[in-house]
Amino acid sequence: MSKLDIPKSFESKDYEDALYKQWEASGFFNPDNLPGRRPNAYTISMPPPNATGVLHVGHAVMLAIQDIVIRFQRMAGKRALWLPGTDHAAIATQTKVEKLLKERSGKTRQDLGREKFLAEVDAFVAQSRSTIKNQTRKMGSSCDWSRERFTLDQGLNEAVNEAFVRMYRDGLIYRGLRVVNWCPRCHSTLSDDEVEYRPVRAKLYWIKYGPFVLATARPETKLGDTCVAVHPSDQRYQQFVGQKLMIPGVLGEFEVTVVADAVVDPEFGSGVIKVTPAHDFTDFEIARRHGINLKQVIDEDGRMMSNCGTYAGLTTRQCRERIVIDMEKLGLIEKIEDYDHNLSVCYRCGTTIEPIPSKQWFVSVSTPVKSLGGRSLKERALAAVKDGEVKIIPDRFNKVYFHWLENLRDWCVSRQIWYGHRVPVWYRGGQSPIANRQSPDEIYVGTTPPKGEGWRQDSDTLDTWFSSGLWTFSTLGWPKATKDLKTFHPTDFMETGYDLLFFWVARMIIMSTYLMKAVPFRQVYFHGLVRDEQGRKMSKSLENIIDPLDVIAAYGADAVRLSLVIGTTPGNDTNLSEAKIGGFRNFVNKLWNISRYILMSVDTVALVEKKPKAKTLADRWILAELDELIAVATEQLEQHNFSAAGERIYEFTWSKLADWYLEVAKLEPGKDDILLYILQTLLKLWHPFTPFVTEAIWRRLGTGELLMIQPWPTYVKTSVGSPRYAGVAGKPASVKAQTTAADRKAVAEFELVQSVVSAIRNLRAESNIAPGQKLSAIIIDGKNQKIITRQTAVIAGLARLNDLRVAKTSAKPTGSLSAVVGGFEIYLPVAELLDVKKETTRLQQEAARIETFVNHLEAKLKNQRFLDRAPKAIVVAEQEKLVLHQEKLVLIKRQLESLK
RNA sequence: GGACAAUUAGCUCAGCUGGUUAGAGCGUUGCGUUCACAUCGCAAAGGUCGCUGGUUCGAGUCCAGCAUUGUCCACCA
């Protein structure tokens with residue numbers, strides 16, 4: 001043993017912060033500083049966490065996966081850039097600050113005024129941003145902080161303005177009066193995707209409506225009705241179509257027009273619907289198709305307007321209760337039924353959405369664009385995935401993406417909140433009343449304010465996803481033609497939760513294909529939701545939240561990373577528990593101790609970069625296994641099968657290296673170079689997954705260099721199979737390490753040795769022979785004697801035998817435990833310790849098991865159809881299997897004889 | 001209403017284009033401190049692969065239907 005002093009366990013907290021500082025100080029997070037010629041760039045644009053947020057386990061997954069990819073690519077010689085940032089998350093942030101303000105001073109944002117309120121938000125965000133940045137560091141994320149961006153940065157604001165103006169000039173942005181999703185609490189519009197649905201038990205009111213009886217869930221909207229619609233082919237109501245009818249109501253009679261429209265389902269209810277164009281999306285469309293006026297009765301506070309007589313000022317809910325009572329008095333209610341339906345609520349605050357008419361800015365997704373070859377934004381974005389320019393992982397999300405885009409309506413991008421990018425539009429003149437389609441405004445749309453007096457900027461801000469949609473290129477300097485933009489865009493790998501497919505991913509594709517004439521990323525990988533160990537969502541009320549920072553402190557960032565990656569598949573939710581993290585902490589410690597042993601047992605610690613020559617069977621075996629591991633792990637990482645890659649490296653580390661090879665190394669001295677080579681290769685393979693522990697060990701090699709920039713291990717590869725996958729981008733051919741016949745033989749032979757050792761250990765355990773007690777053994781075989789003879793020292797050492805004899809023919813040793821493995825008969829003469837009855841039973845059971853299997857194989861091989869139709873190789877394999885087991889059966893029966 | 005997942009050992013999950021007696025981790029049981037590691041070692045027990053059909057020489061794997069759970073989309077007044 002050398003005098004190296006290495007602690008017995010890896011205490012993560014003693015290393016993590018110092019290592020991260022060292023990495024950051026090295027400058028290698030910045031691709032410009034990476035050593036060597038690196039012709040190819042590899043870029044990941046980090047999904048910016050909300051500036052107000054704290055790191056949660058969802059971020060942790062994202063950071064773990066992306067860091068694996070970027071560290072792998074960096075070691076593989078790419079000019080690797082992982083660009084971090086934060087998102088201003090307009091509505092979420094404003095809502096949060098409003099809440100804090102209310103708690104602190106009881107004031108609203110209106111009390112403060114726009115400017116002061118925004119100053120509050122800025123102060124809050126500045127603080128939160130630094131919090132989440134430090135938390136990101138705790139995960140070990142190797143992102144380039146020198147390029148960090150914020151969606152409200154000056155540069156990004158320029159990008160937003162530029163994008164808006166270009167779209168406006170191309171006729172893709174227009175201002176229009178529409179029924180919009182309105183959140184009365186946020187006082188803002190919401191896009192369709194920002195609306196959530198909650199099932200509620202409500203009432204369905206059947207009301208008498210002039211000559212009709214019809215059903216409605218919202219009787220209060222009757223005050224805004226301007227027409228009634230029936231299906232064009234509905235014979236029952238033909239006579240009314242086109243007529244104007246006077247309908248009795250709680251505020252007296254009012255006039256409606258009867259129209260025929262195909263959206264009405266004649267089978268449902270009475271086949272008649274009342275139409276409230278101002279407060280329902282479908283109704284708005286009906287009214288538009290038939291040139292019917294709309295009548296707004298609900299205002300921006302969600303209250304009934306002054307045109308509602310005695311109901312003016314009531315909330316819609318209060319009004320509903322009151323109006324039902326009043327209608328019952330007038331005999332206008334036919335019946336009331338229970339009714340389950342979905343209530344639209346704001347995704348941020350849960351307030352019931354009120355559809356109201358409003359003049360807003362929209363992005364047209366269906367207008368043909370010249371620069372897109374006459375295609376619309378929608379069509380271009382569809383093509384990006386259909387043509388394979390963007391590959392979605394897992395590909396089942398393709399369908400979801402197509403469906404969403406195909407049904408996409410124009411995107412309402414203006415918001416009436418204060419925090420965000422202000423709409424780059426200026427007005428001069430009086431702003432028109434909301435219900436008026438004609439605007440007398442003089443409008444100026446531009447990236448810089450117009451010259452001249454009296455211009456007033458639009459008070460609305462843009463949907464936060466409008467700026468997020470530009471993220472992959474606005475962060476690289478667009479609209480300026482920067483070097484970064486040229487080098488790093490399109491990015492290579494986007495990774496986020498599938499809940500962001502519509503909100504963000506699709507919009508990035510829309511924006512980038514239009515503004516950059518290129519996709520924003522070549523691949524997009526969706527991770528699943530992290531749930532608790534019982535598969536429930538993590539939530540405050542369930543008290544089942546796992547805080548990444550807590551578990552990093554307790555188990556180390558490496559263990560947390562492994563627990564979030566191994567055992568997960570893209571797009572599927574995963575369950576996480578502290579027990580799982582604890583398990584990986586144990587593994588990290590195992591890796592530490594493997595290293596500790598190797599570093600302490602070698603004479604000289606040195607770099608061994610070339611594969612050393614094997615001297616023994618075990619050497620040949622482990623080196624062949626390692627080559628195979630490099631090939632498989634590399635291929636799996638390239639294909640983003642992180643879990644599979646990790647599992648394979650894990651298995652090699654623990655089940656092959658630690659359990660077998662290191663034990664052999666204790667018996668066969670002179671393996672320093674091989675041990676060091678394996679260790680160094682393994683540290684490289686693990687580094688993307690567990691950067692801290694691997695870097696900490698690497699430092700003990702004393703090279704003075706960082707592991708994070710070491711070259712990825714190489715191997716001689718053979719291609720297996722061909723690229724025959726259906727995937728649009730084409731999956732690469734499967735790759736294996738090139739193995740020689742000698743390698744394959746070594747693996748087979750060593751596996752035989754392993755089975756012999758396991759069999760002897762099994763015999764000992766079954767007979768309760770203390771592990772410490774030395775035994776002798778006799779192994780009999782005619783065919784493969786040489787293997788055993790050459791490996792007697794290894795077998796004896798691992799099986800704790802003090803004497804191992806190899807004989808050609810069965811000497812029928814009496815008083816022995818026995819087993820048959822790989823054609824060998826194994827006898828452990830234990831004499832007086834032998835429980836003949838127990839041993840007989842054990843062997844009989846074994847024999848019975850094999851007999852069943854032999855019968856099964858015999859039956860199979862007698863089946864003419866199997867012989868005729870199965871591939872030759874399979875038949876041969878089955879025949880060999882049969883012979884093998886028949887022989888084994890004979891040997892076991894012989895052993896049974898010897899017990900008599 | 002439509003779509004998509006999932007359903008394999010007590011728990012959490014692997015099992016690729018169908019072909020060894022279906023695997024791992026955790027947990028359980030027995031034994032154990034051999035100088036890398038008790039955050040460890042050795043060994044063991046534990047599964048009619050949700051159900052029903054079908055294709056096939058052969059199905060956990062492919063097809064159809066069903067059931068259960070979950071998610072997304074749409075939403076009819």
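Quick notes on this one:
- The residue pairs whose first member lies in region A:58-82 and is under 18 Å from residue A:711 (Cα atoms) and in a helix (DSSP H, G or I), whose second member is hydrophobic (A, V, I, L, M, F, W, C) and open to solvent by 10 Å² or more (accessible area, probe 1.4 Å), and whose beta carbons are closer than 6 Å, counting only pairs six or more residues apart or on different chains, are A:75/A:712.
- Test: residue A:598 is modelled with pLDDT of 90 or more and within 19 Å of residue A:527 (Cα to Cα): no
- Test: residue in region A:690-713 that is more than 37 Å from the chain's Cα centre (by Cα) and either modelled with pLDDT under 90 or more than 18 Å from residue A:632 (Cα to Cα) (or both): yes
- Region A:364-401, residues that are in contact with a helix residue (DSSP H, G or I) (Cβ under 7 Å, 6 or more places away or on another chain) and loosely packed, with under 14 Cβ neighbours inside 10 Å: A:366
- Taken over region A:799-823, the residue count meeting the criterion of being out of contact with any Phe, Trp or Tyr (no Cβ under 8 Å at 6 or more places or on another chain) and modelled with pLDDT of 85 or more is 11.
- Condition check for residue A:649: open to solvent by less than 10 Å² (accessible area, probe 1.4 Å) and in contact (Cβ under 8 Å) with a residue 60 or more places away in the chain: no
- Considering region A:804-900, the qualifying helices (runs of 4 or more DSSP H), each wholly inside and each with 1 or more residues that are under 18 Å from residue A:764 (Cα atoms), away from RNA strand B (no atom under 12 Å from the Cβ) and in contact (Cβ under 8 Å) with a residue 60 or more places away in the chain, run over A:836-862, A:872-899.
- Scanning region A:529-544 for residues that are among the hydrophobic types (A, V, I, L, M, F, W, C) and either open to solvent by 30 Å² or more (accessible area, probe 1.4 Å) or away from RNA strand B (no atom under 13 Å from the Cβ) (or both) yields A:529, A:538, A:542.
- For residue A:186, the conditions (1) open to solvent by 10 Å² or more (accessible area, probe 1.4 Å); (2) part of a loop (DSSP other than H, G, I, E, B) are fulfilled apart from (1).
- Of all residues making up region A:571-620, the number that are open to solvent by less than 50 Å² (accessible area, probe 1.4 Å) and under 30 Å from residue A:399 (Cα atoms): 3
- Residue match in region A:27-40 (condition: of a type outside the set (A, V, I, L, M, F, W, C), closer than 15 Å to residue A:688 by Cα, in contact with an Asp or Glu (Cβ under 9 Å, 6 or more places away or on another chain) and assigned to a helix (DSSP H, G or I)): no
- Residue in region A:748-763 that is outside any loop (DSSP other than H, G, I, E, B), among the acidic types (Asp, Glu) and more than 10 Å from RNA strand B (Cβ to nearest atom) present: yes
- Residue A:772 vs. criteria in a loop (DSSP other than H, G, I, E, B), at pLDDT below 90 and within 16 Å of RNA strand B (Cβ to nearest atom): yes
- Looking at A:427, A:419, just one residue is modelled with pLDDT of 85 or more and either farther than 25 Å from residue A:162 by Cα or not in a loop (DSSP other than H, G, I, E, B) (or both), and that residue is A:427.
- Residue A:28 falls short on exactly one of the conditions (1) buried (at least 17 other Cβ atoms within 10 Å of the Cβ); (2) at pLDDT below 95, and that condition is (2).
- Residues that are open to solvent by less than 10 Å² (accessible area, probe 1.4 Å), away from RNA strand B (no atom under 16 Å from the Cβ) and of a type outside the set (Asp, Glu) within region A:488-513 comprise A:488, A:491, A:493, A:494, A:508, A:509, A:510, A:511, A:512, A:513, listed in sequence order.
- Test: residue in region A:163-173 that is outside any strand (DSSP E or B) and either at pLDDT below 90 or farther than 22 Å from residue A:368 by Cα (or both): no
- Test: residue A:302 is among the small types (Gly, Ala, Ser), more than 16 Å from RNA strand B (Cβ to nearest atom) and more than 42 Å from the chain's Cα centre (by Cα): no
- Scan of region A:284-299 for residues that are within 26 Å of residue A:235 (Cβ to Cβ) and in contact (Cβ under 8 Å) with a residue 40 or more places away in the chain, ordered by number: A:286, A:287, A:290, A:292
- Scanning region A:268-280 turns up no residue that is within 16 Å of RNA strand B (Cβ to nearest atom), in a loop (DSSP other than H, G, I, E, B), at pLDDT below 90 and surrounded by 19 or more Cβ atoms within 10 Å (Cβ to Cβ).
- Counted residues, region A:251-267 - those being away from RNA strand B (no atom under 14 Å from the Cβ) and open to solvent by 40 Å² or more (accessible area, probe 1.4 Å): 4
- Residue check, residue A:563 within 12 Å of RNA strand B (Cβ to nearest atom), open to solvent by less than 10 Å² (accessible area, probe 1.4 Å) and among the polar types (S, T, N, Q): yes
- Qualifying residue in region A:595-615 (condition: more than 10 Å from RNA strand B (Cβ to nearest atom), under 30 Å from residue A:477 (Cβ atoms) and in contact with a helix residue (DSSP H, G or I) (Cβ under 9 Å, 6 or more places away or on another chain)): no
- The residue of region A:76-90 that is farthest from residue A:520 (Cα to Cα), among those that are hydrophobic (A, V, I, L, M, F, W, C) and open to solvent by less than 10 Å² (accessible area, probe 1.4 Å), is A:90.
- Residue in region A:638-645 that is within 9 Å of RNA strand B (Cβ to nearest atom), of a type outside the set (Asp, Glu) and open to solvent by 40 Å² or more (accessible area, probe 1.4 Å) present: yes
- Any hit, region A:173-193, residues being more than 11 Å from RNA strand B (Cβ to nearest atom), in contact with a Ser or Thr (Cβ under 9 Å, 6 or more places away or on another chain) and within 30 Å of residue A:484 (Cβ to Cβ): yes
- Pairs with Cβ under 9 Å, 6+ apart, first in region A:326-354 and modelled with pLDDT under 90 and of a type in the set (Lys, Arg), second surrounded by 17 or more Cβ atoms within 10 Å (Cβ to Cβ) and assigned to a helix (DSSP H, G or I): A:348/A:91; A:348/A:92; A:348/A:95; A:348/A:194
- The set of residues in region A:16-25 being open to solvent by 30 Å² or more (accessible area, probe 1.4 Å) and either part of a loop (DSSP other than H, G, I, E, B) or among the acidic types (Asp, Glu) (or both) consists of A:17, A:24.
The values are calculated or read from the model by the stated rules, or taken from the named source; none is laboratory data. This is a predicted model, so every value here is computed, not measured. Please note: Cβ atoms are built from the backbone with ideal geometry, for glycine as well, and neighbour counts cover all protein chains shown. Note: areas computed on protein heavy atoms with side chains; ligands, DNA, RNA excluded. Shrake-Rupley method; radii C 1.70, N 1.55, O 1.52, S 1.80 Å.
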